[in-house]
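Accompanying notes for the structure given below.
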Amino acid sequence: MGPVLDGLIKLQSVENRLRVVKGKLTRCRRSVIIQENQVRTLQNSLKAKKEEIQLEKVQSDRLELELNSREGEITKLRASLNSAKTNKEYSALLTQLNTTKADSSKIEDQTLDLLKNIEADEDECSEIKEQIEQQKQKLEQIRKESETSAEKYQKEINQVEDEWKQVAKSIPAGNLEIFQRVAETYDGEAIAVVEEHGGNNKTYICGGCFMGITAESVNLLLTKDEIIRCPNCTRILVLRKTE
């Protein structure tokens, strides 16, 4: 291989390093976003729980009004019971009184259950608030660590990018354009090494997509210093260097 393909191989090595460092920077920043989402999720949970409590209190107030109304009705029925003039009237009033008392008892039970739910939900709100504070403190710590790491990674990226530009200067513009286009397609992996298999009847495959490569393509790589691309995946083919 000549200077063009050698230059592309070197550029691929630098490209790989650049992508690795950029990946570290991305993960570093993503950790902050993940923690921010954690805090936001808890805040949304707290908001939803507070709204639930508000609805329960409205329902509790409604039951309280209904209970007071029933108690007033019971008082009136008792008074009417004492002044009943016939057994039939007395019996009817007593039945109505017992039914109203039973309904009142159900409302009391519903109110007590509702108050228990409100108390439990308020306790849960307190727990969520504590979790939010803990996660906020964790967020600040992660943010500080991320800023420190991001600064370090950015410096490293700048250094590798400078190296990339230096290597790229030795590569013809057309070839460099092809390299960049293929690299974007395959997450930085623009070059594939031709793999050789078999004994006397040798076969060749692309190290990128593992599809067959013709002997003619291999011969061109042996004799010419120019870009030969895999007909299947379009990666730039190179031969494995021998010691």
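Values quoted throughout were computed directly from the atomic coordinates according to the rules given, and no laboratory measurement underlies them. Everything numeric here is computed off the predicted structure, so don't read it as measured data. When we count neighbours, we look across all protein chains shown, and the Cβ atoms used for this are built from the backbone with ideal geometry, even at glycine.
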Stretch gain in nm, segment residue 129-residue 155, where the contour uses 0.36 nm per residue and the Cα spacing is subtracted
5.5 nm
Which order do 118, 191 fall in if you start with the one that has the fewest other Cβ atoms within 10 Å?
118, 191
With at most 15 neighbouring Cβ atoms within 10 Å, loop trypsin sites (Lys or Arg not before Pro) (DSSP) excluded, longest segment of the chain
1-84
Using a simple charge model, +1 on the beta-carbon of Lys and Arg, -1 on the beta-carbon of Asp and Glu, nothing else, what dipole does segment 1-144 show about its Cα centre, in debye to the nearest 20?
1200 debye
Identify unpaired cysteines across the chain, taking unpaired to mean no other cysteine Cβ lies under 4.7 Å from the residue's Cβ.
28, 125
Here is the link list: 47/129; 50/106; 10/165. Which ones come out longer than 20 Å on Cα distance?
50/106
Fewest-first ordering of 112, 222, 97 by Cβ atoms within 10 Å yields 222, 112, 97
What whole number of Å gives the distance from the Cα centroid of segment 185-239 to the Cα centroid of segment 106-182?
41 Å
Say we join alpha carbon atoms closer than 10 Å with springs in a Gaussian network model of the chain; which of 105, 126, 170 then has the biggest fluctuation?
105
By DSSP, what percent of the beta bridges with both residues in the chain are antiparallel, rounded to the nearest 5?
65 percent
Only Cα pairs under 8 Å and at least 6 apart count here; give the relative contact order of the chain as a rounded whole percent.
30 percent
Label-point separation, residue 169 to residue 220 (7 Å along Cα→Cβ), nm
3.1 nm
